[in-house]
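Taking it in order: structure first as structure tokens, then the write-up.
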């Protein structure tokens, strides 16, 4: 984002150069950037609203980094005192409850915006050639975000998180061939213990942020290099009918306005619905009633409840894992099985498959909420 | 060696093979210790063969409690007829800790609604296998849980 600011000020408004801009220009010759910024535009049509969600996710990621660093000042990632340190943040540290609540809410809103962003890209068929790699890096960002969520969920070391982690890692352990190794790798042993907490803490604050930034950089670079995707309907219009919004400053200002709204929503949620801490995890206590994972895993969690213990000779859970694994893989490689039809024909298979998946996810998420 | 180069491979191909092979070996030499490092050492667990859980008269009829059996949670139940049963308290479905539910008269897993009867057999829900059994013996007044042979 910082990169964009110098671009936006000078060229569009045509004001005389500020001394800083002149200083930079003399040394780095910004004319290429300026030209680039001038040409950049966003198609204006019925669905333009969806173009903002990637930016929203980016904003929330920045919020995560900032609040995450703040939490690190007081959080202690060991079994004995993790829970107490989070309680300390909530109860004693000035605005500690707020920072933690913002971190938790922002994490959830970030996943939500990525999911909305992904579905909009899917339905607008923006994953098609030449943007396959943008799609794949985007999927990687979603998966890393979910891994962020899963690992962060355990860090307060409370009951819900403890059992959610047991179940989540056990599911990974069921994966044929590599499952057992992955399970030990994640848990740092056979069971969910303090070793698991240490590992998740390391993943959450060091490994995942590093990988995330790499994919995020690629994702943004691809978009800058290729320009924003234009949907087929729009691209086929005559040049005169194509309405666009200049990226600088019009689109950016709108995005900033939306960011302001998102920050307000975030503040309201964080203040009025502070994130609960619950009870400390106890490996010798039974799983509490109403245990559930984060909402974005809920539909899978609910489906797992319905799969019987044995289907023929195979464990039901393995069938469930294979089902979701296969469905997820097909979703990811959509650029491969998508067929582009002649202009004027819409590929309804893509649209209906997407709607079907969306309906499936929404229905089972709602059932899980009601049942839970 | 020379013959091979003359007949089969050009100098460039040979060098490519050497480089690819070298880089692969180098990567392997780095990855192997890293992956081994991530596999935690087997900590020596204190072998527990039996646990004394107190007096039989202190154990309410038709109730259950989870005890620490070494590193593992074990659910001990005193049935309504006064008999004892003990199981590894880990659900065979996805590893959650199960509990005795008085109202159901069953062993229950809150994670995915798995239910077992008081013999540890699956009554309903997703668990694919019965709970692992532990044995209970009464010595005088003391209730002792120990690991069964099977």
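Structural remarks
- The number of residues in region A:42-80 being free of Cβ contacts under 8 Å to residues at least 60 places away in the same chain and assigned to a loop (DSSP other than H, G, I, E, B) comes to 4.
- Of all the residues in region B:51-81, those that are within 13 Å of another protein chain (Cβ to nearest Cβ) and either touching a residue at least 60 places away in the same chain (Cβ under 8 Å) or outside any strand (DSSP E or B) (or both) number 8.
- Selection of region A:267-289 for residues being in a loop (DSSP other than H, G, I, E, B), more than 30 Å from residue B:74 (Cβ to Cβ) and touching a helix residue (DSSP H, G or I) at 6+ places or on another chain (Cβ under 8 Å) yields A:273, A:274, A:275.
- Whether a residue is in a helix (DSSP H, G or I), within 10 Å of chain B (Cβ to nearest Cβ) and at pLDDT below 85 was assessed, and residue A:292 does not pass this test.
- Residue in region B:82-90 that is assigned to a loop (DSSP other than H, G, I, E, B) and within 26 Å of residue A:371 (Cα to Cα) present: yes
- Meets criteria (touching a residue at least 12 places away in the same chain (Cβ under 8 Å), touching a strand residue (DSSP E or B) at 6+ places or on another chain (Cβ under 9 Å), surrounded by 20 or more Cβ atoms within 10 Å (Cβ to Cβ) and within 30 Å of residue A:162 (Cβ to Cβ)) for residue A:83: yes
Rundown of residues vs (1) modelled with pLDDT under 90; (2) more than 24 Å from residue A:292 (Cα to Cα); (3) buried (at least 21 other Cβ atoms within 10 Å of the Cβ); (4) in contact with a helix residue (DSSP H, G or I) (Cβ under 9 Å, 6 or more places away or on another chain), yes/no style:
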position: B:79; (1), (2), (3), (4): no, yes, no, no
position: B:83; (1), (2), (3), (4): no, yes, no, no
position: B:87; (1), (2), (3), (4): no, yes, yes, no
position: B:112; (1), (2), (3), (4): yes, no, yes, yes
position: B:119; (1), (2), (3), (4): no, yes, no, no
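- Complete set of residues in region B:106-121 that are free of Cβ contacts under 8 Å to residues at least 24 places away in the same chain, at the interface with another protein chain (Cβ under 10 Å from one of its Cβ atoms) and in a strand (DSSP E or B): B:108, B:109, B:114
- The set of residues in region A:190-229 being touching a strand residue (DSSP E or B) at 6+ places or on another chain (Cβ under 9 Å) and within 29 Å of residue B:44 (Cα to Cα) consists of A:191 alone.
- When residues of region A:151-168 are limited to those that are under 20 Å from the mean Cα position of the chain (by Cα) and in a helix (DSSP H, G or I), the one farthest from the other protein chains (Cβ to nearest Cβ): A:152
- Residues of region A:170-212 satisfying the condition of being outside any helix (DSSP H, G or I), touching a residue at least 60 places away in the same chain (Cβ under 8 Å) and within 12 Å of chain B (Cβ to nearest Cβ): A:191, A:192, A:193
- Residue A:255 being away from chain B (no Cβ under 14 Å), assigned to a helix (DSSP H, G or I) and modelled with pLDDT under 95: yes
- Subset of region A:126-150 (residues that are part of a loop (DSSP other than H, G, I, E, B) and free of Cβ contacts under 8 Å to residues at least 40 places away in the same chain): none
- Only one of the listed residues (A:315, A:347) is over 22 Å from the mean Cα position of the chain (by Cα), surrounded by 12 or more Cβ atoms within 10 Å (Cβ to Cβ), in contact (Cβ under 8 Å) with a residue 40 or more places away in the chain and under 25 Å from residue B:129 (Cβ atoms). That residue is A:315.
- Answer residue from region A:234-256, given it is over 14 Å from residue A:51 (Cα atoms) and without any contact (Cβ under 8 Å) to a residue 60 or more places away in the chain and is surrounded by the most Cβ atoms within 10 Å (Cβ to Cβ) among those: A:237
A quick yes/no check of all residues on (1) in the same structural domain as residue A:101 (by TED's automatic domain parsing); (2) modelled with pLDDT of 95 or more:
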| residue | (1), (2) |
| --- | --- |
| A:35 | no, no |
| A:48 | yes, no |
| A:59 | yes, yes |
| A:64 | yes, yes |
| A:74 | yes, yes |
| A:82 | yes, yes |
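- Residue check for residue A:215: at pLDDT 95 or above, part of a helix (DSSP H, G or I) and within 13 Å of chain B (Cβ to nearest Cβ): no
The values are calculated or read from the model by the stated rules, or taken from the named source; none is laboratory data. Remember, predicted model here, so these are calculated numbers, not experimental data. Note that each Cβ is placed from the backbone with ideal geometry, even for glycine, and that neighbours are counted across all protein chains shown.
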